[in-house]
1. How long is the gain from residue 19 to residue 47 if the chain were fully straight, where each residue apart is worth 0.36 nm and the alpha carbon distance is subtracted?
2. Please give me the summed charge of the neighbours of residue 45: other residues whose Cβ is under 15 Å from its Cβ, Lys and Arg +1, Asp and Glu -1.
3. With point charges of +1 on the Cβ of Lys and Arg and -1 on the Cβ of Asp and Glu, referenced to the Cα centre of segment 55-140, which listed residue (102, 125, 89) lies farthest in the positive direction of the dipole?
4. Any chance you could run the full-extension gain for residue 242 through residue 28? It's 0.36 nm times the residue separation minus the Cα-Cα distance, nm to one decimal.
5. Relative contact order of segment 204-309: what whole-number percent is it, with Cα pairs under 8 angstrom and at least 6 residues apart?
6. Shape of segment 212-286 from its Cα gyration tensor (a ≥ b ≥ c, root eigenvalues): rounded if a/c is under 1.5, otherwise prolate when a/b > b/c, or oblate?
7. Work through the residues other than residue 119 whose Cβ is under 14 Å from its Cβ and net out their charges, Lys, Arg +1 and Asp, Glu -1.
8. Spin-label point model (7 Å from Cα, Cβ direction): what's the residue 338 to residue 257 distance in nm?
Amino acid sequence: MRQQVSIEDIKDRLLDRLDAVISAYAPAANGSHTTHGRFFTLNPGRADRSVGSFCITVSGMKAGRWNDYATGEHGDVLDLIRLSCNTDGAGAIKEARAFLGLDTESPELRRQRDEAAVAAKRRRADQEAKHAQDAEKKRKRAEALWLSGRADILGTPVDHYLRARSIDLSMLAHLPGAIRYHPECRYYFEAEETDQSTGEVRRVLQWRPYPAMVTAIARGPHIIDCHRTYLAFDDQAGLWVKAPDMPKAKKVFTDYTGGSIRLSGELGPRGGRLKLGQAPEGARVFVAEGIENALSLMMLRQLRGQPPAFVVAAGAIWNMAEVELPGTIRDVTLCADNDTGPQAQAQLQKAIDFHAGKGRTVRVWRSDIPGEDLNDALRRAMKEKEGAA
């Protein structure tokens, strides 16, 4: 007699044997590796040529989730079987039942496996609760850091850093309120420390203060993260630049999926500035990938005599397909870099489909000049303006 097992129970059993599932349906290939809880291997569902874009989370609350950053596809542990076997949902369930031996196991073995799956589910629930607590702590730290920054950024290293990229904030109708300057923003890093009594070498967490551009990332009415760009003065060039002596000069605290950096708003009926949450019915928003590209768009519109508009930065190209916007937004322009790589193109198409699926008119801005992004276009426009003068 066929045992009745729910889809959720099947997933729980698969997660309890995740290593075996991966070995069977997404086996290791040349170059496979595990980094930060994610196993990188070839995509079993397409002609993937090299390891790097496809990965499966093997631990934590998202265990069993997989992503293909080249195509934008993702799914859970049962979807992994569907992908590997090139089948549909029903076929994946049939294959999973066979893999788990659900139709042949004895009552005693079934009881043992059910108990193991329940225990694993309880562990994942505990991990999810801890993850939510840790995420809230990070969110509060991020908000506190941003609030501690200086709102008037004209004349600060942030201002000078942006001017070196032809972004002259003094030319804008208003300063972007999401951006602040922090004179001593901590940069945390791991360093080796030797115990003088035992000679033991251990890695410890240390920090060093840097000037930084701190930028609020919001979702709905709340700040959910703080983007930091660490700065340093280049004596040879005489310019403020991204701090060169660190692995990552740009950092965030946590997962900001769906959030955005709100840099500009439309003029209201009485001349005041409207925030994104106040967007009127049918409003249009420009979504750029990064902060500097979004600011470059604002500068270009200023140079062309165009009125202020709603402009946000997604923070990364993958988040352009996740940015949460008010329901009153009916028109979205995605400002894309001229990246012709398959991964960037897939992520852009995902963003187009996402916003179109919300019933919005979707446009894509891309320079006609190969390789030129928004900041390149601004630099060219500024040179043309100087030449005309």
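The values are calculated or read from the model by the stated rules, or taken from the named source; none is laboratory data. None of these values were measured; they are calculated from a predicted model. Cβ: placed from backbone, ideal geometry, glycine included. Neighbour counts: every protein chain shown. To get the accessible areas, we keep the full protein, side chains included, count just its heavy atoms, and leave off ligands, DNA and RNA. Shrake-Rupley method; radii C 1.70, N 1.55, O 1.52, S 1.80 Å.
1. Values: separation 28, 0.36 × 28 = 10.08 nm, distance 2.29 nm.
Once the chain is fully extended between residue 19 and residue 47, it gains 7.8 nm.
2. Numbers: positive: 46, 49, 82; negative: 48, 68, 73, 76, 79, 88, 95.
With Lys, Arg at +1 and Asp, Glu at -1, the neighbours total -4.
3. Checking the options against the dipole of segment 55-140, the answer is 125.
4. Numbers: separation 214, 0.36 × 214 = 77.04 nm, distance 3.78 nm.
Additional length available on full extension: 73.3 nm.
5. Working: 128 pairs, mean separation 21.0, N = 106.
The value is 20 percent.
6. Numbers: a/c = 3.86, a/b = 1.88, b/c = 2.05.
Oblate, since a/c reaches 1.5 and b/c is not below a/b.
7. Within the 14 Å Cβ shell, the charges total +2.
8. 3.3 nm
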